[in-house]
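This report refers to the structure that appears directly beneath it.
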Amino acid sequence: HLGKHLLTVDSITWYNPNQITRWNFLPSLLPVISLIQVMLLSGLSVAREREQGTFDQLMVTPLTSTEILAGKAVPPLVIGLLQALIVLLLAVFWFHVKVIGNLITLFIVMFTFLLSCVGLGLAISANSKNMQQVMVYNFVVLVPIILLSGLATPVRNMPQALQYFTYINPMRFAIDAVRRVYIEGASLAAVSPDLLPMVVITLVTMPFAAWMFRNKLG
């Protein structure tokens, strides 16, 4: 006589066994909030000087367009990193979501991501005549970037046509890399497939911003 044996399968979520929502959501806020700040600051910097009439004085100085571009890129980049640090501290000490991975790896991911976005913000700035245009252009660009980032809806669940657009969205790779480093403790080599697209985007957006400065402002 053979008795009946029941097979029970218990599913366990890796790295978030209790399925706490904030464990996935809070790490994603690092690139999201930093991106908004960087895009606005880099976009408004030139437009504000145009409205005040001080940008013409800057253009007649011995500085080249590349040097002006660098001067406009560094402050938003530093402020974006500081803002990411504030969000990180809130996540760790207020919401008790501890960082599992290496902080240096997390910094490299955020630096690469913000650098890829600064060029886009500066290109918008060079193509805008006033701060109102910058705000409109930023809104038009930021909405699809955030919606197609995988923040709320996983990329694999999006329509196939939209999934192709996510490959030119740096935030898609930033959120994936930050989550993996933050929650899983992934190494720099493990997240390199996410870093490489952000580096490529940087190599495209920064020269494009420099070209815009030379042709639109030169």
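The values are calculated or read from the model by the stated rules, or taken from the named source; none is laboratory data. As the structure is a prediction and not an experimental result, all values here were calculated from the model. Neighbour counts are summed over all protein chains in view; Cβ atoms, including those assigned to glycine, are modelled from backbone coordinates with ideal geometry.
Numerical summary
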{"read-out": "Residue satisfying all of: in the stretch 101-154; closer than 18 Å to A209 by Cα, among the polar types (S, T, N, Q) and at pLDDT 85 or above; surrounded by the most Cβ atoms within 10 Å (Cβ to Cβ) among these", "value": "S116"}
{"read-out": "Residues of the stretch 155-201 that turn out to be buried (at least 20 other Cβ atoms within 10 Å of the Cβ) and farther than 28 Å from A91 by Cα, as a count", "value": "1"}
{"read-out": "Members of the stretch 77-124 that are among the polar types (S, T, N, Q) and either part of a loop (DSSP other than H, G, I, E, B) or farther than 23 Å from T21 by Cα (or both)", "value": "N102, T105, T112, S116"}
{"read-out": "First in the stretch 103-128 and touching a residue at least 24 places away in the same chain (Cβ under 8 Å), second anywhere and assigned to a loop (DSSP other than H, G, I, E, B), Cβ under 6 Å, 6 or more apart", "value": "T105/L188"}
{"read-out": "Members of the stretch 156-172 that are touching a Ser or Thr at 6+ places or on another chain (Cβ under 9 Å), not basic (K, R) and not in a loop (DSSP other than H, G, I, E, B)", "value": "T166, P170, M171"}
{"read-out": "Out of V74, V38, sole residue that is of a type in the set (V, I, T), surrounded by 20 or more Cβ atoms within 10 Å (Cβ to Cβ) and assigned to a helix (DSSP H, G or I)", "value": "V38"}
{"read-out": "Subset of the stretch 136-155 [in a helix (DSSP H, G or I) and closer than 18 Å to V32 by Cβ]", "value": "N138, F139, V140, V141, L142, V143, P144, I145, I146, L147, V155"}
{"read-out": "Where a residue in the stretch 177-196 is more than 20 Å from L115 (Cα to Cα) and β-branched (V, I, T) and its partner, wherever it lies, is outside any helix (DSSP H, G or I) and at pLDDT below 95, with Cβ under 7 Å and at least six apart", "value": "I183/Y15; I183/N16; I183/I100"}
{"read-out": "Total residues in the stretch 170-185, condition of a type in the set (D, E) and at positive phi", "value": "0"}
